[in-house]
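The values are calculated or read from the model by the stated rules, or taken from the named source; none is laboratory data. None of these values were measured; they are calculated from a predicted model. A quick note on method: Cβ atoms are made from the backbone with ideal geometry, for glycine too, and the neighbour counts reach across all protein chains shown. Areas reflect the complete protein model, heavy atoms only, side chains present, ligands, DNA and RNA absent. Shrake-Rupley method; radii C 1.70, N 1.55, O 1.52, S 1.80 Å.
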Amino acid sequence: MEQNSKIIPFIDFDTHYNKIESELLVSIKKILSEKKFIQGSYCEDFSRNFCNVHGSKYATGCSNGTSAITLSLKALNINPGDEIITVANSFFATVEAIHEAQGKIVLVDCNPKTYGIDFEDLKRKVTKKTKAIIPVHLYGNPVEMDKVLEIAKKHNLKIIEDCAQAHLATFNGRPVGTWGDFGTFSFHPSKNLSACGDAGLILTQKKSSLSNLKRQINHGRTNKIHEILAGNHRMDEIQAAILDVKLKYLNSWTDKRIQKAKYYDSLLKPKGFKVMEVNQKAKCVYHLYVTEVSNREEVVSYLEKRNISTAIHWYPPIHLQPALKGLKFKRGDFPETESISKRILSLPIYPEISKGQMDYVIKNFLKVAKV
Ligand SMILES: *Cc1c(COP(=O)(O)O)cnc(C)c1O
């Protein structure tokens, strides 16, 4: 036990799954005995339950969080060249989805306090060709959706909320993913609600959007008639059953993440380290716990030697990735995102991390880290 508390993985999958393994096995075995591996009742059930806990009208499961964004964009009937705005400080998937839907990628800098979209830069980037905005509730910290809605309304733009890191987060008491035309979720094994593989989900408030998505997810068909060329983006039944078991715990896991983050805040803030700012009206669900340091390499290797895993989300930033060479972004285009990308460091956070483990992380962090 003592030794165990001194090995701190970035995510503790062992502890996480040990607690619920027997429950998961019951569901998995049921599917193995029924042998209905796709398009059975589990994906429908899980989607409905996830929809309900988010107070959404409609939801549909899909293959992963990236396809959730792509399918939502396609449901908006994007024309090639339509501009889709998102943030430079996000995971790469957000821009991949725009590319996949044949939109033009337009990036906006981030607010260095909340790490979310910078509204002044957003207003500057809206043009006559802008079709949609994809705010990302990064690290689980809700974007101020009232401001997004205001800008969207003024310019007649659609909104897709990338909620891959923000299950159960709320702004003004309203769950993220229900403010926009679409809210997209990922259940990648690292996320706050995670599958044992890949899975995703889309929330929407319109019945016609739901039918559009369902058709796209399943080879463009309704019954046997293929109405569009769309491919296969289904969630499988085993993943859905696993997610449905885990969904029952999501509220308590989320509360624990918030408690842990507050504890880290209380240890780091007095020492002058940056802690993520959360809007008073927002409930942040801390998918990641990020702080900033000026000597990152040194901190990472010092902590690694003491069996403390950390991670960087992300470096280099999206606009400087080789895959986007063709878009001719330059160093200096998004100064806040670039500055953050050189300093940011994610510390281990998960519902199962103990106070002793967090104390051990911070004790060592403070020995080496420079503001
Ligand atoms: C994880 C993630 C995605 C993509 O989800 P996948 O299920 O891995 O495809 C999209 N956007 C953000 C912000 C993410 O963190």
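The rows are residues; the columns are (1) on the phi > 0 side of the Ramachandran plot; (2) assigned to a helix (DSSP H, G or I); (3) in contact with a Lys or Arg (Cβ under 6 Å, 6 or more places away or on another chain); (4) open to solvent by 80 Å² or more (accessible area, probe 1.4 Å).
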| site | (1), (2), (3), (4) |
| --- | --- |
| 258 | no, yes, no, no |
| 263 | no, yes, no, no |
| 273 | no, no, no, no |
| 279 | no, no, no, no |
| 297 | no, yes, no, yes |
| 316 | no, no, no, no |
| 326 | no, yes, no, no |
Over region 176-191, the set of residues open to solvent by 10 Å² or more (accessible area, probe 1.4 Å), within 14 Å of the chain's Cα centre (by Cα) and not small (Gly, Ala, Ser) is 188, 189, 191
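Take region 46-57 and flag every residue that is open to solvent by 10 Å² or more (accessible area, probe 1.4 Å) and either in contact with a helix residue (DSSP H, G or I) (Cβ under 6 Å, 6 or more places away or on another chain) or not in a helix (DSSP H, G or I) (or both). Explain how you work it out, then say what you get.
Keep residues of region 46-57 that are open to solvent by 10 Å² or more (accessible area, probe 1.4 Å), which gives 48-49, 52-53, 55-57.
Correct list: 49, 55, 56, 57.
Could you pull out every one of the helices (runs of 4 or more DSSP H) wholly within region 58-140 that has 3 or more residues that are near the ligand (Cβ under 10 Å from one of its atoms) and either buried (at least 24 other Cβ atoms within 10 Å of the Cβ) or in contact (Cβ under 8 Å) with a residue 24 or more places away in the chain (or both)?
Working: elements: 65-75, 93-100, 119-125.
The helices (runs of 4 or more DSSP H) meeting that bar are 65-75, 93-100.
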Can you tell me which residue among 243, 229 is out of contact with any strand residue (DSSP E or B) (no Cβ under 6 Å at 6 or more places or on another chain), among the aliphatic types (A, V, I, L, M), open to solvent by 30 Å² or more (accessible area, probe 1.4 Å) and not in a strand (DSSP E or B)? 229
If residue 145 passes every condition in (1) within 13 Å of the ligand (Cβ to nearest atom); (2) within 30 Å of residue 260 (Cβ to Cβ); (3) among the hydrophobic types (A, V, I, L, M, F, W, C) but one, which one does it miss? (1)
Unique residue being over 27 Å from residue 249 (Cβ atoms), of a type in the set (D, E, K, R), modelled with pLDDT of 95 or more and in contact with a helix residue (DSSP H, G or I) (Cβ under 6 Å, 6 or more places away or on another chain) when the list is 154, 147, 158: 147
Reported set for region 197-226 where residues are within 16 Å of the ligand (Cβ to nearest atom) and either open to solvent by 70 Å² or more (accessible area, probe 1.4 Å) or of a type in the set (Phe, Trp, Tyr) (or both) is 198
